[in-house]
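Here is the structure we will look at, set down as structure tokens.
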Amino acid sequence: MNSGPIEGNAVIGQSGGPTAVINASLAGVIEGLKSVGAIKQILGMHHGVRGLTQDNLVDLSNMGTAALETLCHTPSAALGSTRDKPDIEYCKRIFESCKKHDIRYFFYCGGNDSSDACRIVNEVSNEAGYELRCFHVPKTVDNDLMENDHTPGYPSAARFVAKALMADSADNASLPGIKVNIIMGRHAGFLTAASALARNDAGDGPHLIYMPEVAFDLEQFVQDVADTYDRLGRCQIAVSEGIQDKDGQSIGAMLIQGETDAHGNVQLSGSGALGDQLANVLKAKLTPSGGKPPRVRADTLGYMQRCYPDQSPVDVYEARGAGRFAAEVAAQGNVDGSVAIVRTGDNPYESGFKRIELTDVAAKTRHMPSEFLRGTNDVSDAFIEYARPLVGELPRFAKI
């Protein structure tokens, strides 16, 4: 393989659930490639690798500074995304499309399934003796990629969750009752945990936080809520969509008989069934004999968490930097890899990037570490210290 740049075209795609900053990573890759003289054209895939295999490409080579700056602050996937999970045959078609368009640099921005697609495409190109530099640019609001301190997309989604729960707690205090909020996170509780950042003062919600890393027991849940309601006269609850019982069975999947995505996952974020069912259980269990049921409401935050246009400043900066770093290491002669964010300082917060092997992140899931958990329904001070610098400044509300 050559060291330094190799002549040819570059292609960039976006995959999986969009985020508030996935376009900042796209802009970063474009910026990083513009200075590489050997690259003739920078192409964008419409709707990820599906667009690449259908020759649905757009030339990004002439995007100017102003356009790239606007792109950085545009939520969702500007190129369009896909849920396709390429197998070996699909990846062979991707490789053939790369050869057809003289593509020597392949960048794919997404989660762990996207990194696995990069890995397979790289292996196919290596077997064919064709130098194709395949790089995964990290993205996921779930914050569940291995080797990363955190993942682009998470800080902005965490910011949304914290602010939403702050407002919801004020509402819950105005008209006291029990409020259940369902938050994204199929296998990892990082985003639900961010709800704890909503607490400014004693008594602020959320009062109870449930994550997939801790076994969920329905009877204990009811007791937790009853105790909090008796003590405070209200109870605000944050629940991860991915909560599981002691046997690892998804509570939501048991309750939702609905659609599945391309990966066979029940679409938890597309249904309010989990929140509604938990609310119904609480009404039934907490209504005194012959008495009036408590006021119980449920919301599922849904897809708005992913790409609400209120970005964390840290998130925009790091997402853009991750894209630029991927372009730089590819131009230097690395033939494959993923980008990881490394925390280098806490006070003040600082970070950097490193190249990691695709096999370190592909098809793997990172979970909340035990030191971030407190008991069965809360997070620790260590998590608050970890997450607070990522989300940016949060508002403070008056109390009378």
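Looking only at residues in segment 306-341 that are in contact with a strand residue (DSSP E or B) (Cβ under 7 Å, 6 or more places away or on another chain) and of a type in the set (Asp, Glu), which one is nearest to His150 (Cα to Cα)? For segment 306-341, the residue satisfying everything is Glu318. Scanning segment 199-212 for residues that are closer than 20 Å to Ala298 by Cβ and free of Cβ contacts under 8 Å to residues at least 40 places away in the same chain gives Asp204, His207. When each of His136, His187, His150 is tested for being out of contact with any Leu (no Cβ under 9 Å at 6 or more places or on another chain) and not in a helix (DSSP H, G or I), the lone residue that passes is His187.
Restricting Pro293, Pro369, Pro309 to those that are within 25 Å of Asp171 (Cβ to Cβ) and without any contact (Cβ under 8 Å) to a residue 12 or more places away in the chain reduces the list to Pro293.
Listed by first and then second residue, the pairs linking a residue in segment 100-111 that is assigned by TED's automatic domain parsing to the domain that holds Arg324 and under 14 Å from Leu33 (Cβ atoms) to a residue that is part of a loop (DSSP other than H, G, I, E, B) and of a type in the set (Val, Ile, Thr), with Cβ atoms under 9 Å apart and 6 or more places separating them unless they lie on different chains, are Arg104/Ile6; Tyr105/Ile6; Tyr105/Val36.
Being touching a strand residue (DSSP E or B) at 6+ places or on another chain (Cβ under 6 Å) and closer than 19 Å to Asn334 by Cβ is the requirement here; does Phe95 meet it? Against the criterion (touching a strand residue (DSSP E or B) at 6+ places or on another chain (Cβ under 6 Å) and closer than 19 Å to Asn334 by Cβ), Phe95 does not qualify. Return yes when Leu68 is buried (at least 18 other Cβ atoms within 10 Å of the Cβ) and under 22 Å from Glu318 (Cβ atoms) and no when it is not. When the stated conditions are applied, Leu68 passes them.
Assess whether Gly80 counts as being closer than 27 Å to Val161 by Cα, small (Gly, Ala, Ser) and in contact with a Lys or Arg (Cβ under 7 Å, 6 or more places away or on another chain). No: the conditions fail for Gly80.
Please work out if Leu274 is buried (at least 22 other Cβ atoms within 10 Å of the Cβ), modelled with pLDDT under 95 and aliphatic (A, V, I, L, M). Answer is yes for this residue.
A search for C-beta distances below 9 Å between a residue of segment 16-36 that is assigned by TED's automatic domain parsing to the domain that holds Lys85 and of a type in the set (Lys, Arg) and any residue that is crowded, with 24+ Cβ neighbours inside 10 Å and in a helix (DSSP H, G or I), counting only pairs 6+ apart in sequence or on different chains, returns Lys34/Ala327. Residue under question is Lys283, and the condition is that it be free of Cβ contacts under 8 Å to residues at least 24 places away in the same chain, of a type outside the set (Phe, Trp, Tyr) and closer than 26 Å to Val11 by Cα; does it hold? Considered against the rule, which asks whether it is free of Cβ contacts under 8 Å to residues at least 24 places away in the same chain, of a type outside the set (Phe, Trp, Tyr) and closer than 26 Å to Val11 by Cα, Lys283 comes out as no.
Residues of segment 50-64 that are charged (D, E, K, R) and in contact (Cβ under 8 Å) with a residue 24 or more places away in the chain: Arg50, Asp55. Where helices (runs of 4 or more DSSP H) fall wholly inside segment 1-103, the ranges with 1 or more residues that are at positive phi are 48-53. One residue is enough: does segment 161-178 have a residue meeting the conditions farther than 30 Å from Ile42 by Cα, touching a strand residue (DSSP E or B) at 6+ places or on another chain (Cβ under 6 Å) and in a strand (DSSP E or B)? Scanning segment 161-178 turns up at least one residue that is farther than 30 Å from Ile42 by Cα, touching a strand residue (DSSP E or B) at 6+ places or on another chain (Cβ under 6 Å) and in a strand (DSSP E or B). Name the residues in segment 148-193 that are aromatic (Phe, Trp, Tyr) and closer than 14 Å to Arg366 by Cβ, would you? Answer for segment 148-193, where residues must be aromatic (Phe, Trp, Tyr) and closer than 14 Å to Arg366 by Cβ: Tyr154, Phe190. Please verify whether segment 158-171 includes one or more residues that are closer than 26 Å to Gln332 by Cβ, out of contact with any His (no Cβ under 8 Å at 6 or more places or on another chain) and either outside the structural domain of Ser61 (by TED's automatic domain parsing) or surrounded by fewer than 24 Cβ atoms within 10 Å (Cβ to Cβ) (or both). Among the residues of segment 158-171, not one is closer than 26 Å to Gln332 by Cβ, out of contact with any His (no Cβ under 8 Å at 6 or more places or on another chain) and either outside the structural domain of Ser61 (by TED's automatic domain parsing) or surrounded by fewer than 24 Cβ atoms within 10 Å (Cβ to Cβ) (or both), which makes the answer no.
Does any residue of segment 202-219 turn out to be crowded, with 17+ Cβ neighbours inside 10 Å, assigned by TED's automatic domain parsing to the domain that holds Arg295, aromatic (Phe, Trp, Tyr) and within 28 Å of Ser115 (Cβ to Cβ)? The answer is no; no qualifying residue exists.
Restricting to segment 35-61, and then to whatever is surrounded by fewer than 17 Cβ atoms within 10 Å (Cβ to Cβ) and modelled with pLDDT under 95, can you tell me which residue is nearest to Glu318 (Cα to Cα)? Restricting to residues being surrounded by fewer than 17 Cβ atoms within 10 Å (Cβ to Cβ) and modelled with pLDDT under 95, the top hit is Ser35.
The values are calculated or read from the model by the stated rules, or taken from the named source; none is laboratory data. The structure displayed is predicted, hence computed values, not measured ones. Note that each Cβ is placed from the backbone with ideal geometry, even for glycine, and that neighbours are counted across all protein chains shown.
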